[in-house]
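In what follows, a structure is listed as structure tokens, so that the remarks can point back to it.
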Amino acid sequence: MILFAAISVLFVQGMLSSVSRAENLTAITWAHAVNSQELLTTTLASSIDMIEADIVLGHLINNPSGPTIPVMGHPPANTSDISLNDFLWQIFNYNKHNSEKMKGIKLDFKSTEVFSGSLTMLNEMWGRMNYPVWLNADIISGPVDSTGVPVDANSFLSDCRHFPGAVLSIGWTTRWGADFTEGSYTDAQIAGMTSAIRDNGIPASNHPITFPVRAGIAAQSQTQLAKLVREFNQTNTVTLTIWSSENDRVDVRKLRELIFDVGIDKVYVDVPKDLMDQLDLGNHSNNAKKLPELTFISFFCLFLAIFISHFLSE
């Protein structure tokens, strides 16, 4: 009986851990802009859950006259000490030998051309990658009067449909920083995203969708973003991924309101540590609204604990 009780306790603990993780996506930890071999090595040795990296067309540092290939880097950089191919294989080999602590990846493609140039290696690797893979691109021109060139929405989304299980991380180009105070994701920009998703059959594909939104702008777009999440909730698993650059101006109070309005079970947070600390997401009175969702599992665990206690007392 003692053995049975011990096994049952472990079962309950594991189940509670899974429920807690699923209920709070803000607890997922991120490494941002892992675009060099040194950063990748360091991140793989850490407890980070998700690795975000950028991909551009360029050259390897040790072969500057070689062919133009997808390499890890953020514009305007177009040279790197690690190619996308090497990056993918190192992630695969790490996860193969660390199945109990696998890491997911978010691949941020910076142009239509680099995504097209990466399709062959993604196809070759796809069947091997039994861990979260996010395909990210800014596919719509966005706030505040952004001049960034978006990745072609139709090309990106139609090609993404060939990768079953991929999380489609699709966002807007943005212009923001420390000196900005006003700006939001406009109704027109939200409509552009909605049309791109529908025109490319993503609701029928059932791909999970996450919308990466910049913290300072998202904080002023609560109504628009909540509406966007609801728009596709019936056909796809939909989340927000809140990100921020260092020194971005962010209204912390409004951002907290957005996160808890949408729900911590639907929001990933990939922001600098100082902003994460200010958000203090583990301390919010509205957490009580999550209790009804946990009622069944709570009663089940309570019943199992009583059952175990009964056997231990005999």
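Rule-based calculations on the coordinates, nothing more; no lab input. As the structure is a prediction and not an experimental result, all values here were calculated from the model. When we count neighbours, we look across all protein chains shown, and the Cβ atoms used for this are built from the backbone with ideal geometry, even at glycine.
Observations
- For Leu258, neighbours were defined as the other residues whose beta-carbon sits under 13 Å from its Cβ, and their charges (Lys and Arg +1, Asp and Glu -1) total +3.
- For Ile242, Ile61, order by how many other beta-carbon atoms lie within 10 Å, fewest first: Ile61, Ile242
- Values of log10 I(q)/I(0), in the order q = 0.09, 0.21 Å⁻¹, for the range 123-264 under a Debye, Cα-only, solvent-free model: -0.27, -1.33
- Per-peptide average of other Cβ atoms within 10 Å, ordering 143-152, 164-173 highest first: 164-173, 143-152
- The relative contact order of the range 181-282 comes to 29 percent, based on Cα pairs under 8 Å that sit 6 or more residues apart.
- The ranking of His59, His74 from fewest to most other beta carbons within 10 Å of each one's beta carbon is His74, His59.
- For the range 11-151, the fraction of C-alpha pairs more than 18 angstrom apart is 60%.
- Across the range 266-276, computed HN-Hα scalar couplings (Karplus, 6.51 cos²θ - 1.76 cosθ + 1.60, θ = phi - 60°) run 10, 9, 8, 10, 10, 10, x, 4, 5, 5, 4 Hz from first to last residue, x flagging Gly and Pro.
- Its convex hull of Cα atoms gives the range 26-288 a direction-averaged projected area, equal to a quarter of the hull surface, of 14.0 nm².
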